[in-house]
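Let me begin by presenting the structure, written as structure tokens, before commenting on it.
The values are calculated or read from the model by the stated rules, or taken from the named source; none is laboratory data. Just so it is clear, the model here is predicted, and its values are computed rather than measured. Cβ sites come from the backbone with ideal geometry, for glycine too, and all protein chains shown count toward neighbours. Side chains are part of the model used for accessible areas, which takes the heavy atoms of the whole protein and leaves out ligands, DNA and RNA. Shrake-Rupley method; radii C 1.70, N 1.55, O 1.52, S 1.80 Å.
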Amino acid sequence: MYTPTRNELSALLEIIAKLGQADSARTSRRDISDDLLRLLDADYLASYTWNGDAGRFEDCVALNIAPAHLESYDRHFQHCDPISPRIRLQQRATIVSEVISQRELERTEFFNDFLIVAGLHHGMDMHLFGGDGEHVGDLRIWRSRGRPEFGPREVTLLETLRPHLIGTLRRLNELARERAQARDWKAVWMQHPHASFMMDGSGRETDRNPSAIRLMSQLSPQQKRELPALLRDARHKPASPDLWQEFLVTVSVPEHFETREDGGVYMVQLAARKSPAPAAAELISMFGLTQREADVCALVMQGLTDKEISKTLAISFPTVRTHLTHSFAKFNVTNRAELIHRITMNAK
């Protein structure tokens with residue numbers, strides 16, 4: 001078992017620190033490439049992520065490998081690569097010669113038409129998996145012909161980094177998904193039929209959707225004077241809808257919006273008591289919902305939360321969730337924002 005030297009431990013700590021500074025999984029892999037090559041005394045590096053749906057490696061980060069070689073790997077050679085599928089099964093830092101002998105490798109198209117042409121001769125790979133089995137990235141480290149084979153030292157150093165790499169890449173992948181969800185959520189929010197105002201933790205308005213912009217042009221001067229205080233104080237109100245003038249006022253925390261630095265982001269929604277949203281009877285005739293599914297969807301369209309729907313309809317919270325799940329399936333959506341959008345668009 002190899003024991004890292006003091007200098008190697010210092011280099012490992014610097015790499016771990018860089019991982020913590022990255023704002024995307026791709027950036028994190030790119031930022032540590034130079035440091036890894038120096039630490040491992042290697043010549044080439046490539047790093048990919050696995051797209052299970054497409055059945056291919058993508059999003060390459062590379063160092064010292066010509067773009068033409070990377071393009072040929074992307075286009076053809078990844079499909080006849082005899083190394084990566086075997087090392088993926090190991091789920092640890094693995095020297096290439098552990099999974100395929102040099103003699104067997106040299107008989108392959110991959111070796112003769114890709115590795116040697118690109119200057120790659122001695123290799124080691126590490127494929128990174130989260131606890132849920134998600135492939136979060138890999139590292140492929142190579143030395144050129146005439147250089148020594150990798151050994152226990154390099155394996156130990158990569159294994160020391162493995163949990164930190166997995167933790168960082170999982171966190172950054174999740175952040176990327178949340179950002180994508182936020183963009184999708186906002187796209188739906190912008191088309192919502194009810195006036196929606198986004199507020200920060202200090203009660204300042206930060207955004208409003210087109211319905212809110214239209215509403216502002218329809219309010220009386222007195223209502224316009226009252227509205228800022230209403231929006232500011234709404235976060236202190238009970239969760240159940242309140243009435244202001246002829247509007248139903250609902251306060252919620254948007255599930256997919258990124259939190260601002262001051263925290264406490266919330267949304268205030270104003271819906272006319274004569275809502276343009278379809279009533280339950282219309283939802284039954286238009287979309288083939290059951291009575292209870294229609295009742296639940298009609299209240300969702302009014303901005304009520306699941307707990308508020310449970311209280312309004314005198315049914316249990318799990319029953320509300322069950323009716324919502326069935327409704328999601330019928331509309332082929334995955335969340336209430338998409339449900340509202342689908343009903344709104346089809347009801348026009």
Could you do me a favour and compute the accessible area per residue for the chain, 1.4 Å probe, result in Å²? 51 Å²
In whole Å, what is the distance between the alpha-carbon centres of region 150-228 and region 46-72? 29 Å
Share of accessible surface on carbon and sulfur in the chain, whole %, 1.4 Å probe and ligands ignored, is 51 percent
Hand me the tally of lysine pairs in the chain: alpha carbons under 19 angstrom apart, and the pair either on different chains or 8 or more positions apart. 4
Dipole size in debye (nearest 20) for the chain around its Cα centre, Lys and Arg Cβ +1, Asp and Glu Cβ -1? 1000 debye
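For ILE100, what is the net charge nearby, where nearby means another residue's Cβ is under 11 Å from its Cβ and Lys, Arg count +1, Asp, Glu -1?
Numbers: positive: ARG86, ARG103, ARG107; negative: ASP81, GLU98, GLU104, GLU106.
Around ILE100, the charge tally is -1.
Just to verify a number: FRET efficiency for ALA180 and ARG225, C-beta to C-beta distance, R0 = 35 Å, to 0.05?
Result of the calculation: an efficiency of 0.35.
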Taking 0.36 nm per intervening residue step and subtracting the Cα-Cα distance, what contour gain separates LYS311 from ARG153 on full extension? 50.5 nm
Whose amide H sits under 5 Å from the amide H of VAL136, counting only residues 5 or more places off or on another chain, with H placed in the peptide plane? LEU128, PHE129, GLY130
What's the Cα-based Rg to Rh of region 1-80, Rh via Kirkwood? 1.04
Tell me, in nm to one decimal, what length is gained between ASP53 and ASN112 on full extension, where the rule is 0.36 nm per residue of separation less the Cα-Cα distance? 18.3 nm
Over what distance in Å are the Cα centres of region 19-38 and region 290-348 separated? 44 Å
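Could you calculate the FRET efficiency of ARG75 with ALA329 from 1/(1 + (r/R0)^6), where r is the beta carbon distance between them and R0 is 41 Å, rounded to 0.05?
Numbers: r = 39 Å, r/R0 = 0.96.
Efficiency, rounded to the nearest 0.05: 0.55.
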Are there GluC sites (Glu not before Pro) in region 156-195 that DSSP marks as loop and that have at most 12 other Cβ atoms within 10 Å, and which are they? none
Give the calculated FRET efficiency between GLN21 and VAL253 to the nearest 0.05, with a Förster radius of 30 Å applied to their Cβ-Cβ distance. 0.55
Mean residue ellipticity (222 nm) of the chain, computed from DSSP H runs ≥ 4 via -39,500 (n - 2.57), nearest 500: -15000 deg cm²/dmol
Using Cα pairs under 8 angstrom and six or more residues apart, how large is the relative contact order of region 84-167, in percent? 32 percent
